[in-house]
Every structure is written in C-alpha cells, then in structure tokens.
1. Which one, ALA475, TRP540, GLN506, is farthest towards the positive end of the dipole of the stretch 462-585 when Lys and Arg carry +1 and Asp and Glu -1 on their Cβ?
2. Exceeding 30 Å between C-alpha atoms, which entries from my cross-link table qualify? They are LYS502/LYS528; LYS87/LYS231; LYS242/LYS319; LYS571/LYS650.
3. Which residues' amide hydrogens lie under 5 Å from the amide hydrogen of ASP627, considering only partners 5 or more residues apart or on another chain, with H built in the peptide plane?
4. So if I restrict to the alpha-carbon atoms in the stretch 273-320, what is the Rg, and what is Dmax, the biggest pairwise distance, in Å?
5. Mind listing the phi-derived Karplus ³J(HN,Hα) values for the stretch 266-276, rounded to whole Hz, using 6.51, -1.76 and 1.60 with θ = phi - 60°, and x for any glycine or proline?
6. Of the peptides 209-220, 226-237, how do they stack up when ordered by the mean number of other Cβ atoms within 10 Å, highest first?
7. Can you list, bin by bin at 10 Å, the percent of alpha carbon pairs in the stretch 673-748, starting at 0?
8. Residue by residue, what Karplus-based ³J(HN,Hα) values in Hz, rounded to whole numbers, does the stretch 421-428 have, using 6.51, -1.76 and 1.60 with θ = phi - 60° and x for Gly and Pro?
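Values in this text are rule-based calculations from the coordinates and carry no lab data. The structure displayed is predicted, hence computed values, not measured ones. A quick note on method: Cβ atoms are made from the backbone with ideal geometry, for glycine too, and the neighbour counts reach across all protein chains shown.
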Amino acid sequence: MSAVVQSPPGKKGRPAVVLPSPAAANAAAASFAALTARLDYLEPAEIEQVRKAYRFADEAHLGQMRSSGEPYITHPIAVAAQCAEWKLDAQALMAALLHDAIEDCGVTKPELIERFGAPVADLVDGLTKLDKLQFNTREENQAESFRKMLLAMARDVRVILIKLADRTHNMRTLDDVPREKWTRISSETLEIYAPIAHRLGLNQTYRELQELSFRHLRPWRYQILNKAVAKARSRRRDLIQKVQREVEAAFAGAGMQVRIAGREKTLFSVYKKMDEKHLSFAQVTDIYGFRVIVPSVIDCYTALGLLHQIYKPVPGRFKDHIAIPKVNGYQSLHTTLVGPSGVNVEFQMRTEAMHVVAESGVAAHWLYKAAEPDGDAADRLGTKWLQSLLDIQHETRDAAEFWDHVKIDLFPDAVYVFTPKSQIMALPRGATVVDFAYSIHSNIGDRTVAARINGVQVPLRTELKNGDVVEVVTAAVSTPNPAWLGFVRTGRARSKIRHHLKTLAQVESQALGEKLLTQALRAEGMEKLPADDEAHQPIWEKLLRFTGSRSRAELLTDIGLGKRIASIVGKRLMTLLAERGEKPDALLLTRERFTAHENVSQGEVVLDGSENASVKFASCCRPVPGDAIVGYLGRGEGLVVHTEECGVAKRLQHKDSERFISVEWSDEPVRPFETGVLVTVVNGKGVLARVAAALAAAEADITHVDMGDEEAQDAADLRFVIAVRDKAHLDAVLAKLKRTTSVMRAQRVRPGSGSN
C-alpha cells in the first residue's frame, strides 16, 4: 500500500475535511479526464458507473495526501488507468478506484454493496485484505497473507490484476517513499508480485516490476549497467539499423506485410544473466532483438525461413513456442541469428493475437474477447494454475505449507512431455514421473507403481526431459509412498501426497488410540468403552472438557499419537462412569492386574506389520518378529517399537516410563521386516557379488548397503540392511553368510555394536 499522510481525524475516525489547493484539485480533475479518454470501449452507462465510483473515492480520500504531496486520489486513478489499458470491465475499474476506501476512509462493505453492488464490494474487500498484508511480520503471518491473496485471486482473477496495477504504480512512485522502505517493498515485489505477473503471462508488467525493483534494490549496479547498455546502444546503433533495413527489404521483396519492432533486454535480465552464468557485460551477446509481427501463423514460419536465408542461425537457439505454448499461454517462434560483424541478434515471430497475449497474458481475455468469443484463450492463460490453487487449498489447511507448495509453481521454467495418446503436458523443470501422474489425475498419482519413458521402464524419481513420452502403470491396491515427498517438484503432487498420508495416519492412529484406551479401561475393571450414542453423550462431553479435545475422534487420535496418556484418560473415564453408578467388574480387575506383568493382557497391542503410519519400528535396533519388544508412545509420533535390550529404549524407560505399553508380535506377520547385518570379508575380486548372491539364496532382500569410504584393506566391513520374515529367518541368513567364501564374520547389528 502507498504511504498516506492524513490530516487529524474528525468524527467517526474519518480525516477532517481539508480543502485541497486549486492546483491540486485541477491535477486530480485532469487525471480523471485522462482516464475517461481511455474508457471508449465501455458503454455510456458503464462509464457513468465508473464516474460515480470516482466521485465517491474522491470524497472519501479528501484531505489525504501521498508521500509525494499529491492528493491521494491520483493513486486510485493511476491504478484504474492501468486496468483500462487491459480493457478490464466496469466493475474492475470501479474496484480499482475504490480499492483503498475500506481501509483508509472508514467506508464499510455494506455501504459499498448498497451503492455499487455486491461484485464490486467483493473485489474491494478482497483487495483490502491484500492491502492489510504486513510482509515484515512473522513468517506464519506472511504465509497466511499470501494464502489469502492467492485464494482471492483464484476465485476472481480481477483481484490480482487490480493488485498488480496497484503495485506497479507504487513502484513507479517509490522514489517519494522513505529510502529505508525501498529494500522491503522491492524484495517483496521481486519475489512475489513479479513471478505472479509472469505466471499469468503479463510480460510487460513482469518486466517493469523487475526493472523497478532492481533499480531500488541495487541502485549502484543499476546505474553502471544503464550506462554500459547506453554506450553499447550508441556503438551498435548503425549495426542494428543495418539489420532492420536488410530484414525489411527481404520481407518487402517477398511481398509479406510485417511490423518490425526493436526489443532490448531489460537491465535486470542482463544483470541476472551476468550473475548466474558469471559473465562480463561484454559476454552478454543477445541484448538486442527484433519482434516480427505477421498476419497469420503460417506467416510466422515463412518469416523464419526468410530470416534464415539472410543470416545464419546459431545452432541450438531455435524454439517453437507456437506448436508448444509456454504454461502461461505465451506463443512465438524464437531464433538467434549471427548478424553483421558476428553480433548475435534474436528474432521473435508472432501474430497480432499472440503479441497481445505475450504482453498482457491473462488480461488478454478482456483485450481480445471480441475477437475470440469462444473464450478458449482464457482457459489456456493461467486459469488451470488458478484452479490448482483451490485444489491445493482444499488439501492443505496450513498456511505455511500452502505457500510452500505455491512457491514451487510460481517459476514455470517448463518441460513439455507427451502422454501415450500424444497429448502435450507442461510441467516445471525437474518434474518427475510422479508429478506427471498427479498432473493427469490425483487417483492416477495415488495408484502409481511403475512408469515407462519412451518405452523403457524407469524409476519413479526419474526427471522428465523435453519430448519424453511418459506412460504410467497403476495398481488398484497401491497408495502414495512417503519417500515421494523427497523428489516431487509440483505443489499439486506434494499436497496430494501429504493429504493422503495425513488422512491415513489419522485413521490408523484413531484405531490405535481406541485399542489403547480400551486396554487402560480394562485395567480399571471395565470391559469396553462406553458407546458413542446419545445415552453416553454427557460422559464423552465431560471427558473431552477434561482433555481439551474437540471430538471423540480427535481424543482417540491424540492417544494413538502419544499426545495423551491412555492410563490417565482411562482413570478419568472410569471416575465419570462410577458417578453414573457403573461399577468395575471385580473379576476382570483381578485378572488384568495379576496378568499384566506376564504380558498376556487381552488389551495389549498385537503387531503384524500392517499398521503403516501409526506404528514405527525404531531404526536404532530394527526389531523383527521373535525379538522381545516394548512399545513407546512418543509425543506426536505414534507408537515406536524397540527391542527390549535396546539402549535407547532403556534410557527412555528410565525417564518416561509411563509412556511404555505392552506390545507383542502376531503369530502370522504379513510382511518382511528390516534389520541390520555386519559382514566382515577378506577383500578380493567379486567378494560383494558372492555376499549378495548368498543373501539372495537365503531369500533376504537387500534394501541398503554401505561399504564405508575408507581405503581398501585386507579385511573390509560391509553393512547391509536386509528384509527378513522373522528371527529364525535371520539366523538362517547369518548361517548362510558364514559358510560363504571370503566371509570372516557375519552378525546382526545391535545398538552399540556399530551403525547400520
């Protein structure tokens, strides 16, 4: 928001009316007259509506001044003028004029609804929320602010267009703001608003915001580069004019109607290129370029052929963004040619419609609406991304996590790949097979088990390259793997995976919590939990007040995650039941208390390996079926299972004994379990292959191997993590290893006997 200098407040907190000087009044009136001249695309009735909004805003801001000393109303007029450049509708222009009215002038939303209608009031309300953002506050507040802004934008793209116009005018007048604010405002613009402008295809605004931010963030570097570019411009003026004459002559000779415009790289993009590629200014060769605007798509390719006949193309510098548009809707042919004196010159060929989209992006929907009534252009231009914001919000309630997802998608340096049916998909650079699967549909992503690229089977973490044909193999029983979060690139994939894992963990933790609370209640002499029905509702409500939980499900989940101690909740529940006259079963109480030390309590947790997210097997001791085990309810981690002799478990038991519960193995585990094995071998040719073959012969899967990084000695330690069915299977594996040639010793890795 722009700085406002207000006069002392009058009634109702509004500024006291101070009449502006005649000169200031004339300036404001003149600027509105200039705005009126740009509204020729609106109906007379709509222009009158905009004029009403102007009058209201002018009265509301009366007495307020900008930092420059101008009447404050000049700012809303400038914002509306930019929106008029994009040919936005009357509602958007009215909102642009009124965008500071709620915040700075004490105007209420109901008042705006009454005067200008709900759509305009909603736009202003959305913008007001944005203007209240304090980007220098704590990180979570900042994240929440971004979330509000992006969701307002996803619901109505006009919100962000007005906001970008507002930010552009504020950046143009930043010289009038105290210098200590320059860094914060410019950094915010460069990191947030410029990428959003780019993502929506507003290239002209994107370039201007970058340039203005650079000028205020790095004034010294900006000045030096500015002088260097000006010097290079005057030095190469003749050369550029010669190129333009030759190109115009070639097109005239071919009878083609074209419009040629010069294009110069912005100072920020020159600086960025020098910084990223460690180049000197002299090494940046493509500062100058030309845009060739032609009547039709066919003419773009004809123009390309003509240019390649005049000058030689630079190999590898041709890009066809017409056949495969960029993710923000941008279309053009790009080629770099070796011009006179060996200077590289870039040419961009595009039609008039493409030029409008290239400069105005999503705003081109309004600019070009009459020419393209089908509205397909608007669907292409960033609206898919806007829709994905709402999808991510649906999965992610946490503001910081939401912003984390969106940041990834704000820089769309894209790769273009094909589905097996030859449909083109655009994904961010670095995207993997899993990102591709989620971009098609979340159900396909969730069930992905394998993939083929160009007919060859590849790992799911494989990064995609331009032109890849990607085929995803799914299985109905498959679910997302937590390891995918380590390599997925898109916000959509990341939020879908996290949402699935959170839901899964919650369901499993709730089931575990119910089991633990039942066990605690049995120890108090009650057979089972009171039912979740109307009769027992008062008991559950009192228990929830005691624990501070919002619902029965939340309480059980918290017990399962170790955030609440089952025995304490069980005792309280027993007290509440006793108040209702329900007595403990003396026989059950006796049986539970006398058998608890023998670990045969019917309420204990039985583990078969199907518990997934709610139960973790500790990596310090890696228990397998057959080991004596204990269960530790970590705070918020769920149940962590250790071997009885594990040093970590013993230390925890010493300081946190009430968090340990009785656990035992099922008679029939449903999956193999990982454990560590240390194999000492005589170094020699093929020894690793022999050990791996022995493990395979013993039906043990190798999940990890570490050979250490010390130099080769006569003897070497190989550390394996292997998957075995149970302790008997592990003993058989160790026996097989000990009989293998070159193996001196084979043993299970225990806590304190070495890391695995």
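1. Going by the charge dipole, the pick is GLN506.
2. Numbers: LYS502/LYS528 28 Å; LYS87/LYS231 37 Å; LYS242/LYS319 25 Å; LYS571/LYS650 26 Å.
As for pairs spanning more than 30 Å Cα to Cα, those are LYS87/LYS231.
3. Under 5 Å from the amide H of ASP627 lie the amide H atoms of LYS727, each far enough along the sequence or on another chain.
4. 14.3, 40
5. 6, 4, 5, 5, 5, 4, 4, 5, 4, 5, 6
6. Numbers: 209-220: 19.3, 226-237: 12.9.
My ranking of the peptides, most packed first, is 209-220, 226-237.
7. Distribution as computed: 20, 58, 20, 2 percent.
8. 8, 6, 7, 7, 10, 9, 9, x
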